[in-house]
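Colleague: First, the structure itself, so that you have it in front of you.
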Amino acid sequence: MAAREIQTFVLAERPTGNVEVGKTFKMEKGPAPTADQLKDGEILVEALYALLRSPVAIGEKMRGASVAKVLASKNANVKEGSLVTGFTGWTEVAILGDKQFEVVELPEGAEVTDALGVLGMTGLTAYFGLLRIGKPQKGDTVVVSGAAGATGSVVAQIAKLKGCRVVGIAGTDDKCAWLKSDLGLDEALNYKSPTFKADFAKATPDYINVYYDNVGGEILDLALARAAFRARFVMCGSISGYNNPNKEASAGIKNLFNVTAQRIHMEGFIVFDFLADYAEGRRELSQWLADGSLKRKATIVKGGLQQAEQAFSHLFEGKNTGKLLVEVKPYEANVGGSRL
Ligand SMILES: NC(=O)c1ccc[n+]([C@@H]2O[C@H](COP(=O)([O-])OP(=O)(O)OC[C@H]3O[C@@H](n4cnc5c(N)ncnc54)[C@H](OP(=O)(O)O)[C@@H]3O)[C@@H](O)[C@H]2O)c1
């Protein structure tokens, strides 16, 4: 039988601005890895839904995680047909070593894509970044940038659950309306509005106790200028500077001295720093999801892995609300809709 041919995306050239479809990435076709190549502890998986991450070296497979179905297993802890999450990269079929995946156990009411979203790395990033670094107190003013995105929308909701006054920042009026009407934020500001600076000051009359930063750049600078005494700045990401060497995330930062003047605690983190506590985070996130106090939205780009490069550019153009995922292969069609 002829080997199955699969698609994989590699980095063709490093973008100097936004990613360019058909230029930044190159799709390579080749034979899929097979079960007879598995070594002890490894599993062979087929990606169902993928989230997309960069950066990598030129010619290397693009990074990303997916929720995937196990096609074959040489790992005693995983059976064929199970669902796992793992770092497959932008490809359709991959072999994962025993430390490269987690078995998916979805609580009642959860959807398969939640394994990458609210119950996966996204939710955990929001949970630990806000609660362990931001340490929000009841009545605090919490400002979240990238608030309508995957991480930001979870952060904003947890801050509301903790009794804070929450101001979200996003790039369209529709996203701002969603943040206020569906997620219950106190204020939502469009950073592309010509009145944004004034709106920001008006929305933070008591200044900012916790700023959760997903974007960096000028929005971070405005937040520094509005920081309250002993504010906590959670440095989660700087998407405004990721692809553009001439417009780094630090560009436009003029208010750094406020870190000293206001005794700001500014701390960066990577979600893996909290690996030992993932179970605790997932338990609480699952509970909030089950009782309806945590809502999620996913923007799912359908049409297979070939949509990955277009989808990736959506992240920088703000076309997603909530988690952006590529449907490599629909879940229902794959596993007959069976639950775990
Ligand atoms: N520290 C960690 O462990 C960790 C883990 C995961 C993710 N992250 C970081 O968390 C951040 C959010 O990631 P995510 O996966 O949840 O993505 P996301 O927020 O779902 O999507 C990115 C959003 O960023 C906004 N954006 C894009 N360019 C922007 C710009 N120049 N200025 C302001 N906003 C811009 C867009 O929304 P608008 O329409 O609002 O512009 C876009 O929808 C990223 O910086 C990511 O690197 C960190």
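Colleague: Answer with yes or no whether R14 is surrounded by 14 or more Cβ atoms within 10 Å (Cβ to Cβ), at pLDDT below 95 and more than 25 Å from L116 (Cα to Cα). Don't jump to the end; show me each part of the working.
Modeller: Details: surrounded by 14 or more Cβ atoms within 10 Å (Cβ to Cβ): yes; at pLDDT below 95: yes; more than 25 Å from L116 (Cα to Cα): yes.
Considered against the rule, which asks whether it is surrounded by 14 or more Cβ atoms within 10 Å (Cβ to Cβ), at pLDDT below 95 and more than 25 Å from L116 (Cα to Cα), R14 comes out as yes.
Colleague: Have a look at L289, L285 and point out the one that is more than 13 Å from the ligand (Cβ to nearest atom) and within 22 Å of V210 (Cβ to Cβ). Before the answer, list the steps.
Modeller: Working: L289 fails: within 22 Å of V210 (Cβ to Cβ).
Within the list L289, L285, the selection yields L285.
Colleague: Which residues, taken from the range 35-63, are in a loop (DSSP other than H, G, I, E, B) and open to solvent by 40 Å² or more (accessible area, probe 1.4 Å)? Spell out how you get there, then give the answer.
Modeller: Looking only at the range 35-63, we keep the residues that are in a loop (DSSP other than H, G, I, E, B), and these are 38-42, 54-60, 62.
Across the range 35-63, the qualifying residues are K39, D40, S54, P55, A57, I58, G59, E60.
Colleague: For residues that are crowded, with 23+ Cβ neighbours inside 10 Å and within 11 Å of the ligand (Cβ to nearest atom), tally how many sit in the range 294-310.
Modeller: Of the residues in that region, 0 qualify.
Colleague: Okay, next question. Could you list all residues from the range 222-231 that are within 15 Å of the ligand (Cβ to nearest atom) and open to solvent by 10 Å² or more (accessible area, probe 1.4 Å)?
Modeller: Narrowing the range 222-231 to residues within 15 Å of the ligand (Cβ to nearest atom): 222-223.
Within the range 222-231, just L222 meets the criteria.
Colleague: Which residues, taken from the range 195-209, are more than 16 Å from the ligand (Cβ to nearest atom) and of a type outside the set (G, A, S)?
Modeller: Passing the criteria: T195, K202, T204, P205, D206, Y207, I208, N209.
Colleague: Restricting to the range 64-74, name every residue that is open to solvent by 20 Å² or more (accessible area, probe 1.4 Å) and polar (S, T, N, Q).
Modeller: Going residue by residue through the range 64-74, those that are open to solvent by 20 Å² or more (accessible area, probe 1.4 Å) are 69, 71, 73-74.
Residue satisfying the conditions is S73 alone.
Colleague: Residues that are modelled with pLDDT under 95, at least 1 per element: which strands (runs of 3 or more DSSP E) completely within the range 225-340 meet that? Please lay out each step first, then the result.
Modeller: Numbers: elements: 227-235, 265-268, 298-301, 323-327.
Output list reads 298-301, 323-327.
Colleague: Looking only at the range 311-333, filter to residues that are among the charged types (D, E, K, R) and either more than 15 Å from the ligand (Cβ to nearest atom) or within 15 Å of F9 (Cβ to Cβ) (or both); which one of those is least open to solvent (accessible area, probe 1.4 Å)? Spell out the reasoning first.
Modeller: In the first step, residues of the range 311-333 are kept if they are among the charged types (D, E, K, R); the result is 317, 319, 323, 327, 329, 332.
Remaining after also requiring either more than 15 Å from the ligand (Cβ to nearest atom) or within 15 Å of F9 (Cβ to Cβ) (or both): 327, 329, 332.
Working: E327: 21, K329: 77, E332: 116 Å².
Among them, the one singled out is E327.
The values are calculated or read from the model by the stated rules, or taken from the named source; none is laboratory data. Just so you know, these numbers come straight off a predicted model, no measurement behind them. Quick reminder, even Gly has a Cβ in these numbers, built from the backbone with ideal geometry, and neighbours come from all protein chains shown. Side chains included, ligands, DNA and RNA excluded: accessible areas come from the protein's heavy atoms. Shrake-Rupley method; radii C 1.70, N 1.55, O 1.52, S 1.80 Å.
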